[in-house]
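See below for the structure under consideration.
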Amino acid sequence: MDFNFNISMPEALVNGVIDYDFVFCGFEDDNRQLVKRFDLKTVSKDHCFSFSCSSEPVFLIIWPHKEGEWLESIEIELNPVITPPKYCNGSINIEDNKKRILYIGQSGSSGYANAAKGYITDFFIKGFNIEWLPLVFDDTKECSNYVDILCESLKIKDVGYDYDEVYLHCTPDLWPSYIKTYGNNFKDATIIGVSVWETDLLPEEWLNALNSVDFNIVPSLFNKGVYTNSGVIKPIVIRPHLFYKQYLPEKANINIITNNCVEMSPEKYTFYNISEFNNRKGIEDAIEIFSDVFGDNKDVQFLIKTHYRNYDNENVKFCLAELNKLIKCNNIGVIVSPLSYRHILAMHSWCDCYLSLHKGEGYGLVLNEAYNYGNPVVTTGYGGHLDFFTPDYMYLVDYTLENINDNMETFNRWYNSNQKWAIPDKEHAKKLITDVYSKYKNGA
């Protein structure tokens, strides 16, 4: 039952309230059993008590407390007429000091997209009021893992107002267009740029945008050095990309089917690589050193998941044709078809050692995944991934820094011959993949 009592406090109690630590108010039924209690820190002339209980309150005992002692109690016999609480429209008012955040970042399955969704998830878990305006640059979609499902629920189509912080997470050349389009919606907000780069110098065209935001976020110490050396004068904050551990499918339940019709066996030791088919990622070098060391070894194989630009039929055919020119042995399998994120997790579960002879990584999301899922990683020792490998990690490939002198400018206009990247030492890489396989064979 619901009860509502308007109590006029005894005058002596009200006048002496400054002398009390608190006042205990106990409602009792006709058997003098306590059915509800209140502790008052302050006492005014009139008090309203509203509550629910199973027994009808008949008496109110008021008992002041002072300096560790109970003083003389006051008893009030309650009015037998009980008035139920007044009905009014219900609402919830939340006093919230958490930041209101607008995150403008890429959707889909690219590195930029997965990094953005990692940050968005972290903000949400920490209780911030975050909205995600997704940028669609390709035809890939969000996946079924819990990070993507959570981020999907935070997507918006229309930008609101009164944001405390706005994050622009894409290449900096695009930031001015989003500020121009939505700037009136967040003119009082802190504007934060989030980006990444892989060579020793940034594209000069990015500098104006990088120096126009309030501060920049980069994922690695390597990137902070690159940005500073390139002329970024705004504050730079390092915030590593976030790893969210997922359930890995059981190896016994996985069947690998390649586009080049090479049969992959779960009984063989498997090197693997997941990256885009371009010169920076170094797939050609990885194929070369694997072939030189293991050739047609019947106990070892190499699985490559790659694509060129997107999954249009022409690009898929081009990618497979170029890889077939490079592959000279029968233990290298290639997948150039689109895979879900669960299939990528299956590769981390099914394969044994990640092999990447890239020429530079701003952070290395897939390297980080392979490392965190417990697989050894043989990779070039240059880039942002050095932040999460231990200083004594034994599988970092030696390299030399050289100016970019191949066709990366045609693949991505932000690369140029003034920039330097790492050329991995192939002989050292051969030694490391030999060592990692030997340790496996010897049970180390």
Among the numbered criteria (1) among the hydrophobic types (A, V, I, L, M, F, W, C); (2) in contact with a strand residue (DSSP E or B) (Cβ under 9 Å, 6 or more places away or on another chain); (3) assigned to a helix (DSSP H, G or I), which one does Trp206 miss? (2)
Given segment 312-401, what helices (runs of 4 or more DSSP H) lie entirely inside it while holding 2 or more residues that are over 20 Å from the mean Cα position of the chain (by Cα)? 313-326, 341-350
Does segment 73-95 include one or more residues that are closer than 30 Å to Leu367 by Cβ, touching a strand residue (DSSP E or B) at 6+ places or on another chain (Cβ under 8 Å) and open to solvent by less than 30 Å² (accessible area, probe 1.4 Å)? no
If you scan segment 350-384, which residues turn out to be among the acidic types (Asp, Glu) and farther than 18 Å from Glu276 by Cβ? Asp352
Pairs under 9 Å by beta carbon, first residue part of a loop (DSSP other than H, G, I, E, B) in segment 212-227, partner open to solvent by 30 Å² or more (accessible area, probe 1.4 Å) and polar (S, T, N, Q), six or more apart or different chains? Val213/Thr190; Asp214/Thr190
Restricted to segment 266-310 and to residues being in a strand (DSSP E or B) and at pLDDT below 95, the residue nearest to Asn407 (Cα to Cα) is Tyr308
Residue pairs, Cβ under 7 Å, 6 or more apart or interchain, first in segment 339-360 and at pLDDT 95 or above, second acidic (Asp, Glu). List them. His348/Glu369; Leu357/Asp285; Gly360/Glu198
Subset of segment 31-59 (residues that are in a loop (DSSP other than H, G, I, E, B), at negative phi and open to solvent by 50 Å² or more (accessible area, probe 1.4 Å)): Asn31, Gln33, Lys41, Thr42, Ser44, Lys45, Ser54, Glu56
Within the bounds of segment 135-144, is there any residue that is more than 22 Å from Ser195 (Cα to Cα) and either open to solvent by 30 Å² or more (accessible area, probe 1.4 Å) or within 14 Å of the chain's Cα centre (by Cα) (or both)? yes
Could you check, for segment 338-345, whether at least one of its residues is buried (at least 22 other Cβ atoms within 10 Å of the Cβ) and closer than 24 Å to Arg309 by Cβ? no
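State the number of residues belonging to segment 113-143 that are free of Cβ contacts under 8 Å to residues at least 60 places away in the same chain and outside any loop (DSSP other than H, G, I, E, B).
13
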Quick check: anything in segment 101-112 touching a helix residue (DSSP H, G or I) at 6+ places or on another chain (Cβ under 8 Å), among the hydrophobic types (A, V, I, L, M, F, W, C), part of a strand (DSSP E or B) and without any contact (Cβ under 8 Å) to a residue 40 or more places away in the chain? no
How many residues, within segment 377-406, are in contact with an Asp or Glu (Cβ under 9 Å, 6 or more places away or on another chain), surrounded by fewer than 18 Cβ atoms within 10 Å (Cβ to Cβ) and over 15 Å from Asp200 (Cα atoms)? 2
Test of understanding: among Tyr182, Tyr161, Tyr167, Tyr178, which residue is within 19 Å of the chain's Cα centre (by Cα) and of a type in the set (Phe, Trp, Tyr)? Tyr167
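The values are calculated or read from the model by the stated rules, or taken from the named source; none is laboratory data. As the structure is a computational prediction, the values presented were derived from the model and not from experiment. All Cβ positions, glycine included, derive from the backbone under ideal geometry; neighbour counts span all protein chains shown. Just so you know, the surface numbers come from the protein's heavy atoms only, side chains and all, with ligands and any DNA or RNA stripped out. Shrake-Rupley method; radii C 1.70, N 1.55, O 1.52, S 1.80 Å.
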